[in-house]
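The values are calculated or read from the model by the stated rules, or taken from the named source; none is laboratory data. Since this is a predicted model, take the numbers as computed values, not measurements. No Cβ is skipped: glycine too gets one built from the backbone with ideal geometry, and neighbour counts run over all protein chains shown. Calculation scope for accessible area: heavy atoms of the full protein, side chains included, ligands and nucleic acids excluded. Shrake-Rupley method; radii C 1.70, N 1.55, O 1.52, S 1.80 Å.
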Amino acid sequence: MLNDRPIAIEVAQYAARLNGPFASLETLSRDGNADVVNALSEIDAHAVVTLLERIMKPLTVEDLKNVTDDVRRNLVRALEKVAFLEETFERGALLMLDLAVAENEQWSNNATGEFKALFPVFLSNTIAPAAPRLRLFDDLLRENDPLRMPIVVDALLEASNMHSHSRMVGPEIHGSRPALVPWRPKYWKDAWDYVIACMDRLAQIALGDDARATQARAGMANQFRSLIDGGLLDRVEIWVEKVRTVHPYWPEALSAVGDVLQYDSNGLKPGEEPRVRALIDSLTPQDLASRVRFIVTEMPWDFPIDEKLSFEERGMRQVQAVEKVARELLRHPAELQRLLPELSTGDQRMAVQLGVAIAKFADRPLYWERPIKDAFALAAEGTRNFGVLAGYYTGLAAREPSAVDAFKKEAAQSPVFAIALPFVCLQIGITPSDVALVCDGLKAGIIPVHAMAYWSMGGVFAKLDVSVVSPLFDQLFDMDGDAYSIGLDVMGMYVHGEADRLDAFRPQLHLAVVNVHKRPKRRGSQMDAHHFEEMIGWLLKKGNGDPDARAVAASLAKYLAEDPDGDARDFIKPLLPAMLSGFAPIVWAPFGNAIVKDRATAWHVEHALGDSFSFAEEKKPAILHLPEDILFTWAHANPDAGPAFLARELPMLTTQKPDATDRAFHPLVMRLLNEFGDRDDVRRYLVQNMHTFGWSGSRTTYYALYEQPLRSLSEHPIGAVRRWAQVTLTHMRKEIDSAKMEDDEQDAQWNA
């Protein structure tokens, strides 16, 4: 903060000397040293970058990857400040690039992100204008380091991006000096000249045949729409022509230029629409193989790219385009035979539709059965795409149903084709015999469980009778891994909108509850949790008089009490209100025993039954659904554990609205104080409960919530409670003063 004084410069230069206390990675890694170097960068960036060059240049990529998290964070922050200044921009940027090559952080402001943030035309993280940025790009492109080039290409794409930008505040603040301002082009011409210069360099890279060229072509195309909108159609024409001479197949460019006609045609100047259409014509694939790749493998989601269509009409036109290509391929069987292996691997946008069209339009559809199966079977495991295969049998069902039946039976016993069986059945219409085949394949371990997820789609499976589908749920709920979750997904969609069907699935619901521990942690979709809550919730609503409901409530309570920190805890938690209110005696017994058993178990049960960290104005933890008398009878029966548990678990206040006039301690907390207020542990844990919270805004308003409730205890009949309230109120006022001081300091810092 004293960096505007000569003495500060002298101190920084002395501390950052090349034989000083921070002159090696070993000394820099000592606790706190990297923070000091980061701070010194705000005083003398030149001295710090000289020091960091001495430390970092001898290090290998592996050495830099192994730099500790704290040191790396401070290096990134220091280099942000170094590179923000024009005079040290290039040196700081190169060191940041070295850290980016050795990247080991995932967040957006890692070294890679901060290197790229130096180059946008607007809101960049540097004062350095266009010229030194372009000089650095040219040096790096001449060097052509294979480790650096992917990041350099990304930085060029960031520099040529005219879409909206944002930047993190921080590197422009250098001590008490006025905050620095990043370079901003004075005129729009300066901005476009910089973008054009970056795109010219990308166009040169795009001529290559390596991954960097592919990266450049895809990234350039993403800018075409905004560049045309900015009046640079002539430049786009030059870049397209240059790249097309080497790479005539450029689907990203075709899609981007098509978007101009779809979304921006009203903004085109007179005479520009024909030029855009000419670009589309030049980019449209001409040879059959390229057209197949564009239409089947990489069809844009908004194809046809140059027309405004409804969703339904667009889908119909896309299928028609695939059918047109399929007919042409059938007229050139050797070409279709050659392309089948390629179309049976990797991502294939319209492969299913192609398979359907082959079966539909072939003069002898069974002629293509063997080539299609072979292409799929010969593909490397892990790369196979069954789209053409499944589509082919879907289309074949109307012409050669016996061949489809034969394939189903073969697939159910084939480790190669089994993965396609559920999807083929879904496409054609799932039959009772399909369910039996699939159950046998699952039991034998041949059909991959994840393939069954298709049967939760489209309502096709829901057309079957309950008696037909029940064996599948028995099978899935009894298996390990993802089978349990997929079983819930399929069953949930089967009964969707028809809850009465669940009455016939009581045995399966029992099985789902008994095997709830089999539900693995699941990333992405959590629909299985939703279906579990809906279906088991339906059964619990039958009440205590229903034996199945009682059994399910008891099983869930037993599981959660025995493993309150298990994977299924959050699965069961939404059902706790219904379990505690409707089945209190049988549900609370295992919970109560688990709480009394040991403190660690009690802590996990607290998290299951409570909501201390919620931001709700009125806390409604599950435990409030347990009848009050049962709760306090249990507490009296277990005085060494029960009252303390309630002190930690119960919501403290009736409301957390700051402006509420009737706020008081929750009635259950008051009863706890009345009956157990003389216990030290109860009073201690109530204070802990007050300091365990979710809150937004200033903490002063949170602590102020307790002033009136604590004052109301001044005449409580238990002396220990009265004295506790007085002491706690004093502490709360100190917390308010402390929080207010923090608020004032933060306001001063932000307004500086």
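The table for this structure:
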quantity: Residue within region 733-751 that is assigned to a helix (DSSP H, G or I), exposed (fewer than 14 other Cβ atoms within 10 Å of the Cβ) and aromatic (Phe, Trp, Tyr) present; calculated: yes
quantity: Some residue of region 495-504 being touching a Ser or Thr at 6+ places or on another chain (Cβ under 8 Å) and either part of a helix (DSSP H, G or I) or open to solvent by less than 60 Å² (accessible area, probe 1.4 Å) (or both); calculated: yes
quantity: Odd one out for GLU90 among (1) among the acidic types (Asp, Glu); (2) under 28 Å from ASP154 (Cβ atoms); (3) not in a helix (DSSP H, G or I); calculated: (3)
quantity: From the options ARG293, ARG277, ARG317, residue that is of a type outside the set (A, V, I, L, M, F, W, C) and surrounded by 16 or more Cβ atoms within 10 Å (Cβ to Cβ); calculated: ARG293
quantity: Unique residue being small (Gly, Ala, Ser) and out of contact with any Asp or Glu (no Cβ under 7 Å at 6 or more places or on another chain) when the list is ALA622, ALA644; calculated: ALA622
quantity: Those residues of region 348-401 which are open to solvent by 40 Å² or more (accessible area, probe 1.4 Å), in contact with a strand residue (DSSP E or B) (Cβ under 8 Å, 6 or more places away or on another chain) and more than 17 Å from PRO422 (Cβ to Cβ), in sequence order; calculated: ALA380, THR383
quantity: Residue list for region 242-255, restricted to those being in contact with a Ser or Thr (Cβ under 8 Å, 6 or more places away or on another chain), surrounded by fewer than 17 Cβ atoms within 10 Å (Cβ to Cβ) and assigned to a helix (DSSP H, G or I); calculated: ARG244
quantity: Test: GLY258 is exposed (fewer than 13 other Cβ atoms within 10 Å of the Cβ) and under 20 Å from ASN222 (Cα atoms); calculated: no
quantity: Residue among ASN104, ASN38, ASN74 that alone is part of a helix (DSSP H, G or I), open to solvent by 10 Å² or more (accessible area, probe 1.4 Å) and of a type outside the set (Val, Ile, Thr); calculated: ASN38
quantity: Sole residue being assigned to a loop (DSSP other than H, G, I, E, B), closer than 22 Å to ARG225 by Cβ and among the β-branched types (Val, Ile, Thr), chosen from VAL153, VAL121, VAL195; calculated: VAL121
quantity: Selected residue [closer than 28 Å to ILE630 by Cα and either at pLDDT 90 or above or not in a helix (DSSP H, G or I) (or both)] from VAL682, VAL727; calculated: VAL682
quantity: Failed item, numbered, when SER698 is tested on (1) closer than 20 Å to PRO651 by Cα; (2) of a type outside the set (Val, Ile, Thr); (3) surrounded by 14 or more Cβ atoms within 10 Å (Cβ to Cβ); calculated: (1)
quantity: Cβ-Cβ under 6 Å pairs, at least 6 apart or on other chains, region 687-706 side in contact (Cβ under 8 Å) with a residue 24 or more places away in the chain and within 23 Å of PRO643 (Cα to Cα), far side charged (D, E, K, R) and in a helix (DSSP H, G or I); calculated: ASN689/ARG648
quantity: Some residue of region 77-100 being surrounded by fewer than 15 Cβ atoms within 10 Å (Cβ to Cβ) and either over 28 Å from MET149 (Cβ atoms) or of a type in the set (Ser, Thr, Tyr) (or both); calculated: no
quantity: The lone exception for ARG722 - which of (1) surrounded by 13 or more Cβ atoms within 10 Å (Cβ to Cβ); (2) touching a helix residue (DSSP H, G or I) at 6+ places or on another chain (Cβ under 7 Å) it fails; calculated: (2)
quantity: Single residue of region 217-233 satisfying the filter (outside any helix (DSSP H, G or I) and touching a residue at least 40 places away in the same chain (Cβ under 8 Å)) that is nearest to ARG291 (Cα to Cα); calculated: LEU232
quantity: Yes/no for PRO658 being open to solvent by 10 Å² or more (accessible area, probe 1.4 Å), at negative phi, in contact (Cβ under 8 Å) with a residue 24 or more places away in the chain and not β-branched (Val, Ile, Thr); calculated: yes
quantity: Residue in region 234-241 that is more than 24 Å from VAL152 (Cα to Cα), open to solvent by less than 50 Å² (accessible area, probe 1.4 Å) and without any contact (Cβ under 8 Å) to a residue 24 or more places away in the chain present; calculated: no
quantity: Which listed residue, of GLU143, GLU172, GLU105, is at pLDDT 95 or above and either under 16 Å from GLU90 (Cα atoms) or not hydroxyl-bearing (Ser, Thr, Tyr) (or both); calculated: GLU143
quantity: Of residues in region 402-436 being open to solvent by 70 Å² or more (accessible area, probe 1.4 Å) and part of a helix (DSSP H, G or I), the one nearest to ASP374 (Cα to Cα); calculated: GLU410
quantity: Test: residue in region 708-724 that is of a type in the set (D, E, K, R), at negative phi and touching a residue at least 24 places away in the same chain (Cβ under 8 Å); calculated: no
quantity: Matching residues, region 54-64, being free of Cβ contacts under 8 Å to residues at least 40 places away in the same chain, more than 15 Å from VAL36 (Cβ to Cβ) and open to solvent by less than 80 Å² (accessible area, probe 1.4 Å); calculated: LEU59, THR60, ASP63, LEU64
quantity: Region 356-374 residues that are touching a residue at least 40 places away in the same chain (Cβ under 8 Å), paired with ones that are surrounded by 21 or more Cβ atoms within 10 Å (Cβ to Cβ) (beta carbon under 6 Å, 6 or more apart); calculated: ALA359/TYR392; ALA359/GLY395; ALA359/LEU396
quantity: Single residue of region 505-531 satisfying the filter (in a loop (DSSP other than H, G, I, E, B) and not hydroxyl-bearing (Ser, Thr, Tyr)) that is surrounded by the most Cβ atoms within 10 Å (Cβ to Cβ); calculated: ARG519
quantity: Selection from region 112-125 of residues that are hydroxyl-bearing (Ser, Thr, Tyr) and modelled with pLDDT under 95; calculated: SER124
quantity: Residue pairs meeting the criteria (Cβ under 9 Å; at least 6 apart or on separate chains; first in contact (Cβ under 8 Å) with a residue 60 or more places away in the chain, in region 726-737; second of a type outside the set (Lys, Arg) and open to solvent by 70 Å² or more (accessible area, probe 1.4 Å)); calculated: none
quantity: Selection count, region 614-625, where residues are surrounded by fewer than 16 Cβ atoms within 10 Å (Cβ to Cβ) and in contact with a helix residue (DSSP H, G or I) (Cβ under 9 Å, 6 or more places away or on another chain); calculated: 1
quantity: Among (1) closer than 17 Å to LEU389 by Cα; (2) open to solvent by 40 Å² or more (accessible area, probe 1.4 Å), the one test that LEU336 misses; calculated: (2)
quantity: Of residues in region 125-139 being open to solvent by 10 Å² or more (accessible area, probe 1.4 Å) and in a helix (DSSP H, G or I), the one nearest to PHE89 (Cα to Cα); calculated: PRO132
